[in-house]
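The next block holds one structure in the form of structure tokens; read it before the comments.
The values are calculated or read from the model by the stated rules, or taken from the named source; none is laboratory data. On a predicted model such as this, the values are computed, not experimentally measured, just so you know. Cβ placement follows ideal geometry from the backbone for every residue including glycine, while neighbour counts extend to all protein chains displayed.
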Amino acid sequence: MSENLVEVRDLVKYFPITQGILVQKKVGAVHAVDGVSFDVKRGETLGIVGETGCGKTTTARLIMRLLEPTSGRITLDGEDITALKGAALKPVRREMQMIFQDPYSSLNPRKTIGSIIAEPFKIHKIHTDDKERKRAVQDIMEQVGLNPEHYNRYPHEFSGGQRQRIGVARALTLRPKLLFADEPVSALDVSIQAQILNLLNDLKDELGLTLVMIAHDLSVVRHMCDRVAVMYLGSVVELATSDQLYEQPRHPYTGALLSAVPVPDPTRSKTKERQLLVGDLPSPTNPPSACRFHTRCPKAQPICSEQTPPLELKDNGGLAACHFPLTADEVRRSVPTAEAGTPAA
Ligand code: SF4
């Protein structure tokens, strides 16, 4: 059995832009995901991080086969699932589930939580006996910290944190191998964010799940993830273990994101040179040439707009796509989370 549960190779998704009233003509394309390659190892938590619109959710939806890729290859458990269609996709969908960002809008307000959680059972014709299904749903409710006696209550009767637990329960009904959590705590109060993150961590260990955490905030994924992929304008620009990425980032974009993370220690904070990102995120309909970060990068040189840097091994042991990666000294000066600055490898 391969150590990789999922393998993604050169994944591309362009959304066509059309114009015209009677006849729709293609006038361009949104380059949402452009040549993304990475693996998800069995049992790990992989973070996918980047600004809004960088393609992280589209990548997850492509892997789940909720969107049709423009090109590229997706393998799940050694099986190429890229071209599967219709009924052939049903068993694949069972293996991968998603927890959505907004626990308010992702639950049907007219249904009891019992029927919301039981829905996947009905779709996949599992536990067809009513009593058996109710017992199975109540077991899952207990597992995620919900009172099984609240089976007949409606979503509005629950708090935000409890609603997210309902979303987690629904995602677990089919015992998937891979769980995507798309910004699972960003709509919740800070006070309950940690509870949901701890719940996901515990369930991952208990059920042997593989988890992909999608977030725009680097500080949320730090303590959850074994490895983190940083995306910028549809491409992965850095992929490394959490320690490599947070202590010794090599891509200037990762450095800028980390530099913006607030530091609780004012003395430490004062000694750092903040590396703020200048300018807006360029349009994905017309992304910059070669290195897409060159329009905002403080280290950009002429070659950066001429030659695309490959995602390759750097001296910290991780992968980064950059012609002039950050040095240990630059990291020490600008990244508040970095320690002494000694490369890990
Ligand atoms: Fe900056 Fe050049 Fe590296 Fe791109 S390749 S991140 S522009 S230094």
With the checklist (1) over 26 Å from residue 67 (Cα atoms); (2) surrounded by 12 or more Cβ atoms within 10 Å (Cβ to Cβ); (3) of a type outside the set (A, V, I, L, M) in hand, flag the one item residue 108 doesn't pass. (1)
Yes/no for residue 337 being polar (S, T, N, Q), modelled with pLDDT under 90, surrounded by 17 or more Cβ atoms within 10 Å (Cβ to Cβ) and under 18 Å from residue 218 (Cα atoms): yes
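Just name the residue that is modelled with the highest pLDDT out of those in the range 272-292 that are loosely packed, with under 12 Cβ neighbours inside 10 Å and away from the ligand (no atom under 16 Å from the Cβ).
Only one residue fits best here, namely 286.
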Please enumerate the residues belonging to the range 217-251 that are surrounded by fewer than 23 Cβ atoms within 10 Å (Cβ to Cβ) and small (Gly, Ala, Ser). 219, 242
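Inside the range 120-147, can you point out the residues that are assigned to a helix (DSSP H, G or I) and surrounded by 15 or more Cβ atoms within 10 Å (Cβ to Cβ)? Full working, then the answer.
Filtering the range 120-147 down to residues assigned to a helix (DSSP H, G or I) leaves 120-123, 130-143.
The answer is 120, 121, 133, 134, 136, 137, 138, 140, 141, 143.
Taking residue 21, is it within 30 Å of residue 150 (Cα to Cα), at pLDDT below 95 and among the β-branched types (Val, Ile, Thr)?
no
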So the check is Cβ under 7 Å with 6+ separation or different chains; which pairs have a first residue in the range 289-303 that's within 21 Å of residue 33 (Cα to Cα) and a second one that's β-branched (Val, Ile, Thr)? 290/308; 291/308; 293/237; 296/278
Please tell me if residue 91 is over 20 Å from residue 44 (Cα atoms), in contact with a Pro (Cβ under 8 Å, 6 or more places away or on another chain) and modelled with pLDDT under 95. no
Name the strands (runs of 3 or more DSSP E) wholly inside the range 1-93 in which the number of residues that are in contact (Cβ under 8 Å) with a residue 12 or more places away in the chain and of a type in the set (D, E, K, R) is 3 or more. 4-19, 25-41
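Of all the residues that make up the range 305-320, how many are within 12 Å of the ligand (Cβ to nearest atom), of a type in the set (Asp, Glu), in a loop (DSSP other than H, G, I, E, B) and under 12 Å from residue 240 (Cα atoms)?
The qualifying residues number 0.
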Residues that are in contact with a His (Cβ under 8 Å, 6 or more places away or on another chain) and among the polar types (S, T, N, Q), drawn from the range 7-52: 52
For the range 293-304, the count of residues that are surrounded by 13 or more Cβ atoms within 10 Å (Cβ to Cβ), within 8 Å of the ligand (Cβ to nearest atom) and assigned to a loop (DSSP other than H, G, I, E, B) equals 6
Condition met for residue 323 (at pLDDT 95 or above, within 23 Å of residue 215 (Cβ to Cβ) and within 14 Å of the ligand (Cβ to nearest atom)): no
